[in-house]
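Report on the following structure.
The values are calculated or read from the model by the stated rules, or taken from the named source; none is laboratory data. Here the structure is a predicted model, which means the values were calculated and not measured. Note: ideal-geometry Cβ built from the backbone for every residue, glycine included; neighbour counts use all protein chains shown.
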Amino acid sequence: MTDKTYNGWTNYATCRVNFEIFDGWDADDLDSLIMGDNTNLHDQLKEYVKGLIYEAGGGAGNLATDYAIAFLQAVNWHEIAKNMIPNYVEVTE
């Protein structure tokens, strides 16, 4: 079996999204993202990034946008959220 981890993350997509979009986020950034109690952080992170892609790429149906959205399917959103939570809890306590 081939090891597909990348820089300590599940895979390349997870590493790239975390470092390029969420690296350096603090508790204030997370506070602005968290919307109520009914949505999990990992889902909110995914929707946030999808929104960025649609905003930058002109919406669905654009080839580049469609490829970017497909790339997101490989991201381990749970791992990114799990990585962010300790920093958030430490700052807000």
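Filter region 66-83 for residues that are of a type outside the set (A, V, I, L, M) and assigned to a helix (DSSP H, G or I); which is nearest to Trp9 (Cα to Cα)? That would be Glu79. Applying the condition of being at pLDDT 65 or above and β-branched (Val, Ile, Thr) to region 67-93 and asking which residue is nearest to Leu52 (Cα to Cα) yields Ile69. Pairs linking a residue in region 40-53 that is farther than 19 Å from Asp66 by Cα to a residue that is surrounded by fewer than 17 Cβ atoms within 10 Å (Cβ to Cβ) and at pLDDT below 90, with Cβ atoms under 9 Å and 6 or more positions apart or on different chains, are Leu41/Leu33; Leu41/Ile34; Leu41/Ile85; Gln44/Leu33; Gln44/Ile34; Gln44/Met35.
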